[in-house]
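Novice: I have a structure I would like to understand better, so I am pasting it below and will then ask my questions one at a time.
Nothing in this text is a laboratory measurement; each read-out follows from the coordinates by a stated rule. Values in this document were obtained by computation on a predicted structure and should not be read as measured data. So basically every Cβ, Gly included, is an ideal-geometry build from the backbone, and we count neighbours across all protein chains shown.
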Amino acid sequence: CASAIGIYGDRGGEELNEQSGVGSGFLAELGQAWEEASAVAADRGIRVVQARFGIVLSRRGGALAKMLWPFRLGLGGRVGNGRQYFSWIGLEDVVSALLFAVQNADLSGPLNLTAPNPVTNAELTRVLGRILRRPTLAPLPAFVARLVLGGLADEGILASQRVLPAKLLKAGFDFHYPDLTGALRRALEH
C-alpha cells in the first residue's frame, strides 16, 4: 500500500515511528483511508506493507525539483520559522527499502520510508545552499505560503514531521544515504 508520512499530521519535534498514532487534517485522513483500504487483503491472510513515504529526493520531480530553481537563483531560504522537521529519503534508498520489504516476510503493516536523520527546514536550507554554493537569505514567510497554497501550506510545507524508520532499522536495513548532504549530492548527480 502506498501511503505517506502525512498520516502523522503536524507533530512538531515529536519523534514518530510506525507505532505513533494517526494525526489530524486532510492528509492524515487521506493516508488513513488508503491504509484502511488495504485491510481487505490483510483480512484474507495476505501480507500487507503500508509504505509511508517521506519526501523523496530527486531533481527530476517532487519537492526538491521545485526548490532547485529559486535556490539556484540565490532566492532560496527557510520556510516559515524553519523549525519544522523535514523527513526525507534518497530515491535509491526508496527502491532498496521496497525491495527489502518484499523480500523480508517479517515486515508487515506500516513501514516508514524515511532516512534515519530527519532535519529541520532551516538545516535543509543551509545544506542545499552550501551544496549549490548559493546564499540562502530569502525566507518564505508562513503568511505568504498560506496566501499561495491556502490550507495545504499548513499541512504541507509548514507541517513538522520528525519521522524515523524504526521498523527498517530494526530489521537490519542498511541505508545508502543516511545523511542529507550525501543524499542531496547523489540526487543532484542524477
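Novice: What translational diffusion coefficient, in µm²/s and rounded to a whole number, does the Stokes-Einstein relation yield for region 64-103 at 4 °C and a viscosity of 1.567 mPa s, taking the hydrodynamic radius as the Kirkwood radius over Cα pairs?
Specialist: Answer, rounded: 102 µm²/s.
Novice: Give me the percent of DSSP beta bridges within the chain that run antiparallel, rounded to the nearest 5.
Specialist: Percentage antiparallel, nearest 5: 10.
Novice: So what's region 127-172 giving for Cα Rg divided by 2.2 N^0.38 Å, two decimals?
Specialist: Its radius of gyration relative to the 2.2 N^0.38 Å reference: 1.69.
Novice: Helix 26-37 versus the longest principal axis of the chain: what angle, 0 to 90°, nearest 10, using Cα atoms?
Specialist: Compared with the principal axis, the helix lies near 20 degrees.
Novice: Order the peptides 79-91, 116-128, 165-177 from the highest to the lowest mean number of other Cβ atoms within 10 Å of their residues.
Specialist: 79-91, 116-128, 165-177
Novice: Right, another one. Against the longest alpha carbon principal axis of the chain, how many degrees, from 0 to 90 and to the nearest 10, is the axis of helix 62-72 turned?
Specialist: Roughly 10 degrees between the two axes.
Novice: Next question, about the same structure. Just to confirm the number: angle between the C-alpha axis of helix 121-132 and the first principal axis of the chain, 0 to 90 degrees, nearest 10?
Specialist: 70 degrees
Novice: Give, as a single signed number, the net charge of other residues whose beta carbon lies under 13 Å from the beta carbon of SER3, with Lys and Arg counted +1 and Asp and Glu -1.
Specialist: Net of charged neighbours comes to -3.
Novice: Per residue, how much space in cubic angstrom lies within the convex hull of the C-alpha atoms of the chain?
Specialist: Cα-based convex hull of the chain, divided per residue, equals 108 Å³.
Novice: Sticking with this one: Before anything else, pin down the relative contact order of the chain: Cα pairs under 8 Å, at least 6 apart, normalised by residue count, whole percent.
Specialist: 32 percent
Novice: State, to one decimal in nm, how far the label point of ALA42 lies from the label point of ASP174, with both points 7 Å from Cα in the Cβ direction.
Specialist: The two pseudo-label positions are separated by 3.1 nm.
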